[in-house]
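Some notes on the structure that comes next.
The values are calculated or read from the model by the stated rules, or taken from the named source; none is laboratory data. Note that the structure is a prediction, hence the values are computed from the model and not measured. As a convention, Cβ positions derive from the backbone with ideal geometry for all residues, glycine included, and neighbour counts pool all protein chains shown. Just the protein is used for accessible areas: all its heavy atoms, side chains included, with ligands, DNA and RNA removed. Shrake-Rupley method; radii C 1.70, N 1.55, O 1.52, S 1.80 Å.
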Amino acid sequence: MDVVDAFQPDWFQALADSDTDQDSTKKRIRRSVERTLEYLDQCIKRKEQSDHLKNASIIGVLEGGHSISDRIASAKETARRPVAGFSIEGFHNFGPDTEAFKISEIEELLRVTILELPEDKPRFLSGVYNPLEIIKAVKLGCDIFESTYPYVVTERGCAFVFDLDTWENKKPEDPPNTASFEVSLKNQMFQNGFVPMLKGCTCYACQNFTAAYIYHLLNTSELLGSLLLMIHNFHHYFRFFEVLRRAIAADKIIEFEEHFERINSQPKEAN
């Protein structure tokens, strides 16, 4: 909390004991809930005592592993405290397998948790989720997501290529314009690709450099390659959220989800 106090943030998330998964024991899950509430109370007390933090908003963390009863208890207790929003965590252990985690595995847990939360406060969902998983989480009531996914994709030398422009005009039987969420720029097929990574993309990397150049940078371990790839991936990821918000406003989230279901069902391109 000394570090938080020094940064003087507009909002901050309370400490939490989140490293639980479906194999965690009942005792371990209950302790994670109790410890996280203890941390929250300590953070609230420090916030009230600090001149730098008294106007900052605090985000409470919800735990409970894969136990419905502990999830409900955590949500109810956290909602009783003066928090500005909720971060829903503790579904999996952290590590390289996090990306394989599916919203379908926690659908009922999310549903019962969110029912206990006020509608006027945002719900954060931490984790590495592709666009299809994010849409599923939004339908369940989650509002805000972290930006780890573009970083993870960049680290393996891949670029986002999923289509965001034609989904409204496509029929269910029409194939998507892209066969995957991402492609590897380390693949030799880009060696002579004197075109942008993604046709029509307006990011700095696509407007100024070719896929062939980024292929060269990545395969010679030049730092600029990852930098340009990161610029593109974050640009496209943030644009996905812009389109998602428009789809929600137009009451077309089902059609948007079906578009990504079609992409996900296509044979994957070689990396």
Please give me the summed charge of the neighbours of HIS216: other residues whose Cβ is under 15 Å from its Cβ, Lys and Arg +1, Asp and Glu -1.
0
Can you find, among GLY85, ALA249, GLY65, the residue sitting farthest towards the positive end of the charge dipole of the chain, where Lys and Arg contribute +1 and Asp and Glu -1 at Cβ?
GLY85
Dipole of the chain, Cα-centred, from +1 at each Lys and Arg C-beta and -1 at each Asp and Glu C-beta, to the nearest 20 debye?
160 debye
Could you tell me which helices of the chain pass both thresholds, a Cα extent of 20 Å or more along their own axis and a mean Kyte-Doolittle hydropathy of at least -0.5, with helices taken as whole DSSP H runs?
223-249
Gain in length, ARG156 to ILE253, computed as 0.36 nm per residue apart minus the alpha-carbon separation, to one decimal in nm?
31.9 nm
With r as the distance between the Cβ atoms of PHE194 and ASP19 and R0 = 51 Å, compute the FRET efficiency 1/(1 + (r/R0)^6) and round to 0.05.
0.65
Ignoring any ligand, DNA or RNA, what whole percent of the accessible area of the stretch 195-271 comes from carbon and sulfur when the probe is 1.4 angstrom?
56 percent
So, in nm, how far is label LYS186 from label SER57 when the simple model puts each one 7 Å beyond its Cα toward the Cβ?
4.0 nm
Once fully extended, how much extra length lies between ASP10 and ARG81, figured as 0.36 nm per residue of separation less the alpha-carbon to alpha-carbon distance?
23.7 nm
Note to self: with every protein chain in place and a 1.4 Å probe, the chain gives an accessible area per residue in Å² of 52 Å²
Is the shape of the chain rounded, prolate or oblate, going by the alpha carbon gyration tensor and its root eigenvalues a ≥ b ≥ c, with a/c under 1.5 for rounded and a/b larger than b/c for prolate?
prolate
GLU261 to PHE241: FRET efficiency via 1/(1 + (r/R0)^6), r the Cβ-Cβ distance, R0 25 Å, to the nearest 0.05?
0.85
Can you figure out the FRET efficiency of GLN207 with ASP163, using R₀ = 25 Å and their beta-carbon distance, to the nearest 0.05?
0.85
Length gained when the stretch ASP2-LYS102 is fully extended (0.36 nm per residue, less Cα-Cα span)
32.4 nm
Within the chain, helix-based [θ] at 222 nm, where runs of 4 or more DSSP H residues each add -39,500 (n - 2.57), nearest 500
-14000 deg cm²/dmol
